[in-house]
Amino acid sequence: MSLLNEPSIAMVGARKASVSGMALAKHFASSLGASGLTIVSGLALGIDGACHQGALDAQADTIAVLGSGLGQIYPVKHRSLAQSIIAGGGLLVSPWPLMAKPLGYRFPVRNQTISGLSLGVLVVEAALRSGSLITAKAALEQGREVFAVPSNVNNVLGRGCHQLIRDGAILVDQPQQVLVELAPQLRPLIAHYQAQDPKNHEHSADIAQELQILLRVFGYDPVPVDILCSQLALPYSVVAAQLVELELLGRVRLTVGGYEIVL
């Protein structure tokens with residue numbers, strides 16, 4: 001139950017997702033989960049399932065919100081996934097009675113719950129008529145951020161994301177872009193992960209010193225986050241948290257090629 005109080009990001013998308021869409025969903029969920037965000041989704045086939053699995057693969061927290069009661073896991077194909085979520089310390093949530101069946105009118109309420117539990121909603125792949133767009137609309141009504149991953153223009157399953165972007169959703173193609181956009185709301189998360197990092201305890205270094213070490217790695221060209229992690233021998237979650245802090249301080253900025261120092 002404590003996960004309900006942790007910073008989280010909702011991730012939703014098409015049930016009949018493409019192979020590339022499923023891979024993107026897993027990648028984003030793993031990266032954002034490793035950075036300390038709880039991944040919230042709807043346990044549906046397709047993108048939802050990939051998001052939950054991506055979080056589990058990264059040993060990150062994930063919450064599944066059902067359109068049925070907790071005694072009626074739906075879809076049946078994802079019963080084992082639901083068990084894996086519980087085994088991994090995750091959470092199953094339902095706004096409905098224990099044995100409520102997965103009837104159509106229950107799912108819009110499920111979608112509103114998904115967005116309501118989260119700081120923002122990330123739509124990975126969605127057609128123009130998709131429940132994911134209902135979730136995005138609910139997010140806007142609840143004052144949440146809406147993010148969308150663009151697709152190939154010929155991908156019918158991506159047209160919902162393109163419509164969201166035209167309507168003002170934030171276009172993202174890298175997980176760290178979500179962290180940067182949510183940075184003002186993630187200050188407690190940053191402090192939490194910097195405090196938990198064993199290297200911080202071992203060296204008893206204050207945050208300013210750690211940030212200075214990171215700044216020294218930069219040259220004149222943008223640097224991807226994975227390269228920074230390799231050079232510093234630090235996990236992704238720690239480096240991502242420090243980059244968000246430097247972004248807030250106006251010392252670095254995110255570009256297409258990675259992060260660069262602000263001169």
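Here are the numbers:
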{"read-out": "Scan of the range 228-244 for residues that are in contact (Cβ under 8 Å) with a residue 60 or more places away in the chain and part of a helix (DSSP H, G or I), ordered by number", "value": "236, 237, 240, 241, 243, 244"}
{"read-out": "Residue that is most open to solvent (accessible area, probe 1.4 Å), among those in the range 11-61 that are among the hydroxyl-bearing types (Ser, Thr, Tyr) and in a loop (DSSP other than H, G, I, E, B)", "value": "18"}
{"read-out": "Residue list for the range 16-32, filter: basic (Lys, Arg) and touching a residue at least 40 places away in the same chain (Cβ under 8 Å)", "value": "16"}
{"read-out": "Tabulated pairs, the range 161-187, first over 13 Å from residue 121 (Cβ atoms), second among the acidic types (Asp, Glu), C-beta under 8 angstrom, 6+ apart or interchain", "value": "180/247; 183/247"}
{"read-out": "Check on residue 35, touching a residue at least 24 places away in the same chain (Cβ under 8 Å) and of a type in the set (S, T, N, Q)", "value": "yes"}
{"read-out": "Unique match (being over 16 Å from the mean Cα position of the chain (by Cα) and more than 19 Å from residue 3 (Cβ to Cβ)) among 45, 81, 66, 70", "value": "45"}
{"read-out": "Subset tally (residues that are touching a helix residue (DSSP H, G or I) at 6+ places or on another chain (Cβ under 8 Å) and either among the charged types (D, E, K, R) or surrounded by 19 or more Cβ atoms within 10 Å (Cβ to Cβ) (or both)) for the range 213-222", "value": "1"}
{"read-out": "Residues of the range 103-144 satisfying the condition of being of a type in the set (S, T, N, Q) and in contact with a Ser or Thr (Cβ under 7 Å, 6 or more places away or on another chain)", "value": "111, 115, 118, 135, 142"}
{"read-out": "Positions within the range 65-112 being of a type in the set (Val, Ile, Thr) and out of contact with any Leu (no Cβ under 9 Å at 6 or more places or on another chain), in sequence order", "value": "76, 109"}
{"read-out": "Yes/no for residue 179 being assigned to a helix (DSSP H, G or I), within 30 Å of residue 227 (Cβ to Cβ) and aliphatic (A, V, I, L, M)", "value": "yes"}
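The values are calculated or read from the model by the stated rules, or taken from the named source; none is laboratory data. These numbers come from a predicted model, not from an experiment. Backbone-built Cβ (ideal geometry, glycine too); neighbour counts: all protein chains shown. Surface areas here come from the heavy atoms of the whole protein model, side chains and all, with no ligands, DNA or RNA. Shrake-Rupley method; radii C 1.70, N 1.55, O 1.52, S 1.80 Å.
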